[in-house]
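This report refers to the structure that appears directly beneath it.
Just so it is clear, none of the values below were taken in a lab; they were calculated from the coordinates. Since the structure is predicted, the reported quantities are computational estimates derived from the model, not experimental observations. Because the Cβ atoms are built from the backbone with ideal geometry, glycine has one as well, and the counts that use them run over all protein chains shown.
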Amino acid sequence: MAKEKTSALHKNKGASQSEDMNARAIKNIRSKRNTQLNTKTLVASILKRDTVALSRAITLIESKHPSHIKQANTLIEACLPYANQSIRIGITGVPGVGKSTFIETFGKHLTSKGKRVAVLAIDPSSSLSKGSILGDKTRMEALVKDEHAFIRPSASGDSLGGVARKTRESIILCEAAGFDVIIIETVGVGQSETTVHSMVDFFLLLKLAGAGDELQGIKRGIIEMADAIVINKADGDILKHAQLAKIAFSKALHLYPKKASQWTPKVTLCSALHNEGIDAVWNQISDYIAITSENNYFKEKRQEQNKFWLIQTIEAQLSSHFFNRPDIKKELQKQLERIEANKTTPFAAADYLLNL
Ligand SMILES: Nc1nc2c(ncn2[C@@H]2O[C@H](COP(=O)(O)OP(=O)(O)O)[C@@H](O)[C@H]2O)c(=O)[nH]1
Ligand SMILES: [Mg+2]
């Protein structure tokens, strides 16, 4: 039968198109089945703590290909029941403050205590400079080689929101892969500290001692967000400055009202390079977890964060949907020109565009 069909198709040129379509349909079904199989295998491997599978999964999350996006969503859904079992720590500080060095020393400290540590990054500047804050993996040589650590350079993206979403999804995957501590690093460009703050349990500000003007040039709100201020490079000639900086920051912290978490942030000194003061940082975080678990703030904060991210995601999708519409693109340009020519107000123009 099959043979007859084949030969008939070969004689009839007009039928070759349907044969082609059949082949395509079969290929489609196969590839769909393969994708489903792949997703299942990938999830199983992630749950078995296979970091190669974890890397592949994060790459899928970062992809813009529609079929990858679908697969990524299935993946996240499958991993979600296994998530939520980690401590998420945000670390921020200006370039050169010693974030990479700190994460290396801190990460090694944690793995030596039997913890599994994942390091992710939010780097809003990376889409511009094509660089990445975790690109300098050389500073984390020991941690990179540690089988209980996983380091993922920052996701690239067009917007902070896009990068943030990918990072949040990566957190879920890392948790499913059994990581106990997730560190999110950021350089604090633009709104990135606020973004990281909205996805972590504990927010750590890394600072340098200067010439007594530590508090100058510090972004508003950042001290309020910090659960700990750690002054790095408190070694050698800088130690004295660091001690003075500690006093200045402690005073500044006292100006803020008590936090909803009932936690009182502390200022400590450390030398990431010489592994000094690192255990004190971990002890502080452990205390924080104990206090906020006891008073339920830990859970409540995560729930608030989830609600925040739901709204954020809807807003982002609505706005990208809107701005990507060809008619809106055209009309927006026109309205911008009209604003320039003083022929309309921003509000009237917005009304007009939203009603299109
Ligand atoms: N003296 C001293 N130098 C440090 C310390 N931590 C980092 N550094 C140095 O500061 C420079 C910048 O560190 P890095 O970790 O790359 O900073 P990042 O840009 O914040 O990631 C490097 O040359 C480090 O060796 C420290 O605790 N003490
Ligand atoms: Mg670095």
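Couple of notes before you dig in:
- Helix-only CD estimate at 222 nm, as mean residue ellipticity for the chain, using -39500 (n - 2.57) per DSSP H run (n ≥ 4): -18000 deg cm²/dmol
- Distance violations [Cα-Cα > 28 Å] among Lys115/Lys258; Lys258/Lys299; Lys113/Lys145; Lys233/Lys301: Lys115/Lys258; Lys233/Lys301
- Normalised contact order of the chain, rounded percent, pairs of Cα under 8 Å and 6 or more residues apart: 15 percent
- Exposure proxy order (Cβ contacts within 10 Å, fewest to most) of Tyr297, Tyr82, Tyr288, Tyr256: Tyr256, Tyr82, Tyr297, Tyr288
- Sorted by Cβ neighbour density within 10 Å, fewest at the top, the residues Ile103, Ile328, Ile278: Ile328, Ile278, Ile103
- For Lys99, the aspartates and glutamates whose Cα comes closer than 19 Å to its Cα, not counting residues fewer than 8 places off in the same chain, are Asp123, Asp136, Glu141, Asp146, Glu185, Glu193, Asp201, Glu214, Asp227, Asp235, Glu276, Asp279.
- Sorted into 20 angstrom bins from 0, the C-alpha pair distances of the chain split as 25, 47, 22, 6, 1 percent.
- Amide H contacts for Phe150 (H built 1.01 Å from N in the peptide plane; partners 5 or more residues away or on another chain; cut-off under 5 Å): Val117, Ala118, Val119.
- Once the Cβ-Cβ distance of Leu273 and Ile339 is raised to the sixth power relative to R0 = 56 Å, the FRET efficiency obtained is 0.55.
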